[in-house]
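Scroll down for the structure; my scribbles are underneath it.
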Amino acid sequence: MTIWKTKRNIARCKEHAINEKSQYQNDGDSVYRLFYDTIKGGDYRAREANVHRLAEVSGNIIDQCVAQGVPFAREYGGMLDNRSFGGTQVQRTFYAAGQTGQQLLLGAYSALSRQIGLGRVQMFNRHEMLDLVKVDGKARGIIARNLITGEIERHSAHAVVIASGGYGNVYFLSTNAMGSNVTAGWKIHKQGALFANPCYVQIHPTCIPVHGTNQSKLTLMSESLRNSGRIWVPKKKEDAEAIRAGKLKPTQIAEEDRDYYLERRYPAFGNLVPRDVASRAAKERCDAGYGIEANDTNEGVYLDFSTEIQTKGRQAAYAKGNHNPTPEEITALGKQWLEEKYGNLFTMYQKITDENPYETPMKIYPAVHYTMGGVWVDYNLQSTIPGCFVAGEANFSDHGANRLGASALMQGLADGYFVLPYTISNYLADEIRTGKISTESPEFAEAEARVKDSISKFLNNNGTKSVDYFHKKLGLIMWNKVGMARNEKGLTEAIAEIAQLKEDFYKDVYVPGSADELNPELEKVLRVADFIELGQLMAMDALQRKESCGGHFREEYQDAEGETLRDDENFKFVGAWEYKGDDISKEELHKEELKYEEIKIAARNYK
Ligand SMILES: Cc1cc2nc3c(=O)[nH]c(=O)nc-3n(C[C@H](O)[C@H](O)[C@H](O)COP(=O)(O)OP(=O)(O)OC[C@H]3O[C@@H](n4cnc5c(N)ncnc54)[C@H](O)[C@@H]3O)c2cc1C
């Protein structure tokens, strides 16, 4: 069951790439190294056994995708090609130009369609799951709304799998698809599933900067661009000011007046440090007054391809037998190389910003992108509700406090292809005599009544403000106080402000239309109601975690160079919250201690 037709999800994943431990480059990659990089990348806050399993099955994922017809890029020798992504010093990221996600989705969708065609799978497009039905403590079905007709439907099952994606849209602005939401995960949380590490959010360093208050979506420029682009801001504040005032162009800043701050601070990984590190470094420069974007906050840095144009242009000329190329020839060949590698991303950037990134550096800034937190699951991906499994970005499992690039798809596909088929069958083995589950039980009737009641309350609320009004307010609180940098004062304020926002929302939100039609405002109001509660829990989780790790940066806990300071003695645990009723501040924290047996826990260092 899915809200959007599967093929439409492509909007969400135009730039994907996917990891596997790869031996092709002879650069020493291995299962252990992928495992190690992922644990270190997550700042030692992920479950060791899960991550090792992920690294082990990573190779199978690529084979599976190739078998489904995904046209991965290949080298001249016919082997699959690889790129580097942040936080690694090997090339292990497989890609299909700048649209790996789209191609993966088409591969998976074709395979799914075949099963639909064989009558083995029934597909419910444009349906939204709005509650879970539990019978005798086990997940036995869901209540869903047909988004076209508004009809409320009961679906029974022996097991339920939630794979509803991440909750980045709690910030209103994010790189996620507009419809991405937390409702399915939040509804099962309310039914007893613990929600883990909600404060772990990934802010991606390479997005097009915000340009105004009416914007509803942010655009990601792929991390792969950091293979070729160098990130910088002017060394002199007056240059940054002149750029913002439109009096100076970046191409007029001399090489010695540019601060390639990632190369300066992290010589070993340079522009390919992990996302959390790169994002914080951009914020640090902009907070210090060196931002180059002329928006409200002056937040933006450059991603510059001029060095790569020269390097690759010269190589291309040599390859053609031209050992004395002119500067013009080098530049033309370098641009051609970039176009072959990243052409569609460059075109997209130009269409959005009206600037030509072959001629002038791209402007980028961090934006909310991915959520490492999610529904708590055990090693079998089962939540604390028996029979309710959670896969992909919706669960909390493998990334700890920060996810490395290209490993979301690795994890999602591992969960779906190589973990759940085994663990669900194990669960179902005990259900062999259960028989068909009726949808006529009181439990189904109660769950349906809950859904109908909440829809009717919103439609009859007679408020005065749109759903987006509240969503934007929530987003601002989250970005300013539960965003890239957090502190005790801000988080305490955020908790109170969100609790107040919740009250105002229920009093004053206005939802036009009716329940029995296509009604996008009604869809949104139900999702924003859940985002508000989740937002409060995120702030509570961030407040209790008195340390900095990965994407969770508490200003009080940093070293002299502004790097994260973990507290392994007191916080080496997964924080899993239990719902205790409408008042979110009453949720109870459970701690799952993290044990590292194969990896020596250390301070994360990319220098
Ligand atoms: C712009 C962008 C680029 C990215 N690039 C990369 C990359 O290069 N490499 C990488 O590894 N990762 C990348 N990611 C992350 C990765 O795409 C996601 O983590 C991944 O797609 C999550 O997959 P999923 O199946 O768990 O969830 P999703 O892909 O979000 O799918 C969730 C599905 O659940 C449905 N749904 C949600 N709620 C309900 C409900 N209540 N009822 C019914 N259906 C529901 C939705 O309609 C959707 O079909 C990128 C993400 C973005 C936004």
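No value in this document is a laboratory result; all are computed from the given coordinates. Everything numeric in this text was worked out from a predicted model, so none of it was measured. Every residue, glycine as well, gets a Cβ built from its backbone with ideal geometry; the counts of neighbours run over all protein chains shown.
Compute the relative contact order of the stretch 387-517 as a whole-number percentage, counting only Cα pairs closer than 8 Å that sit 6 or more residues apart in sequence.
That works out to 27 percent.
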>> Please compute the modelled spin-label separation between residue 514 and residue 558, points set 7 Å along Cα→Cβ, answer in nm with one decimal.
In response: 5.6 nm
>> What is the angle, in °, between the Cα long axis of helix 100-117 and the longest principal axis of the Cα atoms in the chain? Nearest 10 is fine, range 0 to 90.
In response: 30 degrees
>> Quick query: amide H of residue 161 versus all other amide H atoms, modeled in the peptide plane; which residues come in under 5 Å with a sequence gap of 5 or more or a different chain?
In response: 389
>> What do you get for the angle between helix 442-459 and the principal long axis of the chain? Use alpha-carbon atoms, 0 to 90 degrees, nearest ten.
In response: 60 degrees
> If you line up the long axis of helix 488-508 against the longest principal axis of the chain, both from Cα atoms, how many degrees apart are they, to the nearest 10?
Replying inline: 50 degrees
> Based on Cβ point charges of +1 for Lys and Arg and -1 for Asp and Glu, what charge dipole magnitude is obtained for the chain about its Cα centre, in debye rounded to the nearest 20?
Replying inline: 880 debye
> What ranking, highest mean first, results for peptides 153-163, 446-456 when packing means the other Cβ atoms within 10 Å averaged over each residue?
Replying inline: 153-163, 446-456
> Once phi is turned into θ = phi - 60°, what whole-Hz ³J(HN,Hα) does the Karplus curve with 6.51, -1.76 and 1.60 give for every residue of the stretch 569-581, x standing for Gly and Pro?
Replying inline: 5, 9, 10, 7, 8, 8, x, 10, 9, 10, 5, 10, x
> In Å, what Rg and Dmax follow from the Cα atoms of the chain?
Replying inline: 24.4, 82
> Taking the Cα-to-Cβ direction at residue 590 and at residue 319 and moving 7 Å from each Cα, how far apart do the two end points lie in nm?
Replying inline: 5.5 nm
> Residue farthest toward the positive end of the dipole of the chain, with Cβ of Lys/Arg at +1 and Asp/Glu at -1: which of 132, 491, 326?
Replying inline: 326
> How do the peptides 101-110, 358-367, 576-585 rank, highest first, by the average count of neighbouring beta carbon atoms within 10 Å per residue?
Replying inline: 358-367, 101-110, 576-585
>> If I histogram all Cα-Cα distances within the stretch 434-511 using bins 10 Å wide from 0, what percent of pairs lands in each bin?
In response: 16, 30, 23, 19, 10, 1
> Can you run phi through the Karplus equation (6.51, -1.76, 1.60; θ = phi - 60°) for the stretch 230-247 and list ³J(HN,Hα) in whole Hz, with x for Gly and Pro?
Replying inline: 10, 9, 8, 9, x, 6, 9, 4, 5, 5, 4, 4, 5, 5, 5, 7, x, 8
> Which distance in nm do the two modelled labels at residue 121 and residue 353 give, with both placed 7 Å along the Cα-to-Cβ direction?
Replying inline: 3.8 nm
>> Charges at C-beta only: +1 for Lys and Arg, -1 for Asp and Glu. How large is the resulting dipole of the stretch 442-571 about its Cα centre, in Debye rounded to 20?
In response: 480 debye
>> From the phi angles alone, apply the Karplus equation (6.51, -1.76, 1.60; θ = phi - 60°) to the stretch 375-388 and give each ³J(HN,Hα) in whole Hz, x where the residue is Gly or Pro.
In response: 5, 5, 9, 7, 4, 8, 6, 9, 6, 6, 9, x, x, 10
> Can you give me the relative contact order of the stretch 206-366 as a percent, contacts being Cα pairs under 8 Å and 6 or more apart?
Replying inline: 28 percent
> Roughly how many whole Å is it from the C-alpha centroid of the stretch 431-481 to that of the stretch 327-369?
Replying inline: 43 Å
> Considering only Cα-Cα distances, which of the following residue pairs are longer than 25 Å: 40/607; 247/351; 283/473; 452/507; 236/351?
Replying inline: 236/351
> Could you work out the helix-only [θ] at 222 nm for the chain, with each DSSP H run of four or more residues adding -39,500 (n - 2.57) and the total divided by the number of residues, to the nearest 500 deg cm²/dmol?
Replying inline: -12000 deg cm²/dmol
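Fully extended, how many nm does the chain gain between residue 217 and residue 263 (0.36 nm per residue separation, minus their Cα-Cα distance)?
Contour length minus Cα-Cα distance gives 13.5 nm.
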> Which cross-chain or sequence-distant (5 or more) residues have an amide H under 5 Å from the amide H of residue 590, H modelled 1.01 Å from N in plane?
Replying inline: 576, 577, 578
> Picking from 401, 596, 60, whose Cα lies most toward the positive end of the charge dipole for the chain (charges on Cβ: Lys, Arg +1; Asp, Glu -1)?
Replying inline: 60
>> Going by amide H atoms built from the backbone, whose H comes under 5 Å of the H on residue 367, apart from near neighbours?
In response: 204, 206, 207
>> I want to make sure I understand the PRE zone here: with the label point 7 angstrom from the Cα of residue 450 toward its beta carbon, which residues in the stretch 491-529 have backbone N atoms less than 20 Å away?
In response: 506, 523-529
> How much length, in nm to one decimal, is gained on full extension between residue 30 and residue 178, taken as 0.36 nm per residue of separation minus their Cα-Cα distance?
Replying inline: 49.6 nm
> Ordered by packing density, taken as the mean number of other Cβ atoms within 10 Å over each peptide's residues, highest first, how do 199-208, 550-559 rank?
Replying inline: 199-208, 550-559
